[in-house]
Amino acid sequence: MKRKLLLLFLIFFNFLPFFLCSGREKTKQNKTGISGTVPVPVPDSRKSVQEEEFAYKDIAFFFRTLSLIRQAYVDQEKVETKELLRKALRGLMRELDPFSSYITVDQAKHLEEDTKGSFAGIGVTVMSRGHAVEIITVFDGSPAEKAGVRSGDLLVAVDGNPVSGLDISGCVKHIKGENGTLVKLKLLRKGHDSPLELSVRRGEVKVSSIVNRTIFKKEFGYVRITQFTNTTFPDLMKEIRYFKEKNIRGLVIDLRNNPGGLLISAIQTSSIFLKNGLEVVSTSGRLPSSRKSFKVQDVPKSPPWPVVILINGNSASASEIFAGSLRDHRRAVLAGTRSFGKGSVQNIMPLGEKEGALRLTVAKYYTPSKKVIHGKGIMPDILIPLSAKEQFELNAGHLGRIINKEDILQKFTAKDPQLNRALYILRGITLLQ
């Protein structure tokens, strides 16, 4: 028995060496630019020998199955050991949750592009919707808009490759490419019986996270945040200075169809409206390093305008952190529909110089009142449901694109029942002040 256990231990050591390191956390960096703290599990001395034996039997079962596949599967080119292990790893991560994934070296090189303000692509934001991928936003003047892609379209395939089963990073990898090259999208669109096939020529896409700014009836400011990037805080401060000059009485912040972004951006942006020392968000997980509390930063503050935040089922992650913090501290009223419920923390854990990394969920976000976001979302203070037709029209209008001219924007927003209700709420609050 001891000999058998030793043999299984050696197999385990060869394939999963990082599990057998010391109990200390180690910071690694490699040529792909991935760096991070890799938590290494500490062996539990209380485990019985019998429990350890069962663990080794499970590992041995996996490698017996792997060996059988290599020997018997019909297409030999598909069963190279290293590729099989990576496919198994992808499947393992996908079974944990939709946000954990195995990241290849190539994917790691492009991991930070979406937060830098410009990238080579087609100009859309996407979100996982069950087994489908939904187009959330189409940027104004982008290659996607010129080709006819619309917000609300469901992406079926890219260049003939189905996106079903891919995580978001894998889907985005297929969409992006070199400037000037064509990518073929297969889309499902409401009102069309058969899929649409559109060819989009990739190009440099410049992203501004603060869009569609206007003032209604010289009283109330309106601004839409499409995602939380490293420019959101300074861009929003610029808009606040503009609104101060115009002497507005209240502000609507539109987070509908905002899939999230950077945690630090959500904290900075929340800090504009909250008093120093208050908690914006906290995280909790199994690792000590995942238990944190993030406080309001010492940044310039907005005037004490009443604020209404619009959210919907596509408001996720950093959007929910921002909305939840302002609501819990009674700084804003939330209106719209329940948010998406993506309140988990992913860490990038390097696996080796040429082995990529894990994007692993290690904690969950909690609002200042300790309400969990993940899987539940945030219910607005004032529920304003929309029909499928109304939502489609909004996505085809100002929620699905960037409109630079205020007169044109106000024509679109005149048919927005949620926004008009938000303006009524602000009017009521200002009358009571």
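What follows is calculated from the coordinates using simple rules that are stated; it is not laboratory data. Everything numeric in this text was worked out from a predicted model, so none of it was measured. Quick reminder, even Gly has a Cβ in these numbers, built from the backbone with ideal geometry, and neighbours come from all protein chains shown.
Once R0 is set to 30 Å, what does the formula 1/(1 + (r/R0)^6) return for the Cβ-Cβ distance between LYS184 and ASP407, expressed as a FRET efficiency to the nearest 0.05?
Result of the calculation: an efficiency of 0.25.
What whole-number volume per residue, in cubic angstrom, does the convex hull of the C-alpha atoms of region 113-206 give?
So the per-residue hull volume is 89 Å³.
Order the peptides 67-80, 297-310 from the highest to the lowest mean number of other Cβ atoms within 10 Å of their residues.
Going by the mean number of other Cβ atoms within 10 Å, highest first, we get 297-310, 67-80.
Set the Förster distance to 25 Å, then compute FRET efficiency between GLN433 and LYS246 from the Cβ-Cβ distance, nearest 0.05.
0.85
So for region 113-206, averaging the separation of alpha carbon pairs under 8 Å that are six or more residues apart and normalising by length, what relative contact order in percent results?
33
If I model a spin label at SER194 and ALA88 as a point 7 Å from the Cα along the Cα→Cβ vector, what separation in nanometres do I get?
According to this spin-label approximation, the distance is 4.4 nm.
For ALA388 and ALA132, calculate 0.36 nm times their separation in residues minus their Cα-Cα distance, and state this gained length in nm to one decimal.
That works out to 90.4 nm of additional length.
Subtracting the Cα-Cα distance from 0.36 nm times the residue separation, let me have the gained length for LYS206 to VAL79 in nm, one decimal.
Between LYS206 and VAL79, full extension yields an extra 41.6 nm.
Over 23 Å between Cα atoms: which of LYS218/LYS244; LYS190/LYS376; LYS217/LYS405; LYS218/LYS238; LYS57/LYS82 fall into that group?
Correct reply: LYS190/LYS376.
Can you give the charge dipole size of region 166-282 about its Cα centre, rounded to the nearest 20 debye, using +1 on the beta carbon of Lys and Arg and -1 on the beta carbon of Asp and Glu?
The calculated dipole for region 166-282 is roughly 380 debye.
State log₁₀ I(q)/I(0) for region 309-433 at q = 0.13, 0.18 Å⁻¹ as given by the Debye formula over alpha-carbon point scatterers of equal weight, solvent excluded.
Each listed q maps to, in turn, -0.66, -1.02.
Quote the FRET efficiency, to the nearest 0.05, computed for THR231 versus ASN276 with a Förster distance R0 of 25 Å and r equal to the Cβ-Cβ distance.
It comes out at approximately 0.60.
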